[in-house]
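These notes concern the structure reproduced below.
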Amino acid sequence: MSDLPPESAQLEPLIGTWKGQGHGDYPTIESFDYLEEVSFSTIPTKPFLVYTQKTRHAGTGAPLHTEAGYVRSVAPGRVELTIAQPTGIVEVHSGTIEDGVFAFVSDRVVTTPTAVDVSACTRTITVTADVLSYVFAMEAVGEPLTKHLTARLGRV
Ligand code: HEM
């Protein structure tokens with residue numbers, strides 16, 4: 001049992017701290033490998049999880065991307081996700097949950113005036129008891145929806 005209200009129990013598989021490795025690429029950049037730490041945590045009685053993430057370059061250990069947000073449970077099988085990034089990008093998603101797969105498709109991606117152009121993205125997160133893996137794709141810098149990230153994390 002977690003601190004989630006009973007009607008939000010479908011979020012439970014995500015709760016915890018996860019660590020592992022990912023691979024990034026995109027048609028416009030050099031591919032890279034990264035280390036990642038993710039946390040999904042509860043606030044008692046609230047129907048959402050607090051999400052934080054930080055990454056480092058797998059070779060040099062230099063800090064790379066970081067982001068934070070919330071996953072909301074809205075109805076059976078239905079979830080929403082908001083994420084803000086220090087690069088001036090904000091993602092607003094609608095999603096579904098089925099058989100441990102959280103599938104999010106952006107409704108809006110909003111950017112600050114100086115941020116790089118990102119117009120849409122998808123996040124597909126698959127959770128089993130001890131493994132969280134995901135695929136992230138984006139429509140950005142003139143490219144159609146194309147994979148940018150894949151990662152496999154283990155429960156800490
Ligand atoms: C695990 C998380 C992430 C990591 C480690 C990561 C890492 C990187 C790296 C190393 C680059 C290449 C930078 C360069 O060559 O100058 C890059 C480019 C980029 N990333 Fe990510 N990224 C992550 C998540 C995201 C997310 C969530 C978005 C958008 C919502 C995003 C959007 C972009 C864009 C638009 C580019 C630039 C493409 C271009 O200018 O050609 N990234 N990312």
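The values are calculated or read from the model by the stated rules, or taken from the named source; none is laboratory data. Bear in mind that the values here come from a model prediction, so they are computed numbers and not experimental data. Methodologically, a virtual Cβ is constructed for each residue, glycine included, from the backbone with ideal geometry; neighbour enumeration extends over all protein chains shown. Heavy atoms of the whole protein, side chains included, go into the accessibility calculation; ligands, DNA and RNA do not. Shrake-Rupley method; radii C 1.70, N 1.55, O 1.52, S 1.80 Å.
What the table shows:
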| read-out | value |
| --- | --- |
| Lys, Arg +1 and Asp, Glu -1 on Cβ, resulting dipole of the stretch 8-156 about Cα centre, debye, nearest 20 | 400 |
| Where labels lie 7 Å past Cα in the beta-carbon direction, separation of Ala84 and Thr111 in nm | 1.9 |
| In nm, spacing of pseudo-spin labels at Ser94 and Lys147 (7 Å Cα→C-beta vector) | 2.7 |
| Relative contact order computed over the stretch 75-156 (Cα-Cα under 8 Å; 6+ residues apart), in percent | 19 |
| Ratio Rg/Rh, restricted to the stretch 21-97 and using Cα atoms, in which Rh is the Kirkwood radius | 1.04 |
| Highest-fluctuation residue, Thr17, Thr55, Thr114 considered, GNM on the chain with Cα pairs under 10 Å | Thr114 |
| Apportionment of accessible area to carbon and sulfur, the chain, percent (1.4 Å) | 57 |
| Probe 1.4 Å, protein heavy atoms only - accessible area per residue of the chain in square angstrom | 53 |
| Proximal aspartates and glutamates relative to Lys147, as straight alpha-carbon distance under 17 Å, when same-chain residues fewer than 8 apart are discounted | Asp25, Glu30, Asp33, Glu91, Asp117, Glu139 |
| Mean separation of Cα contacts under 8 Å, 6 or more apart, over the residue count of the chain: relative contact order % | 19 |
| Equivalent-ellipsoid semi-axes of the stretch 6-155, from the Cα gyration tensor, Å, largest first | 24, 18, 14 |
| Heavy atoms of Arg108 accessible to a 1.4 Å probe, total area in Å² rounded to 10 | 150 |
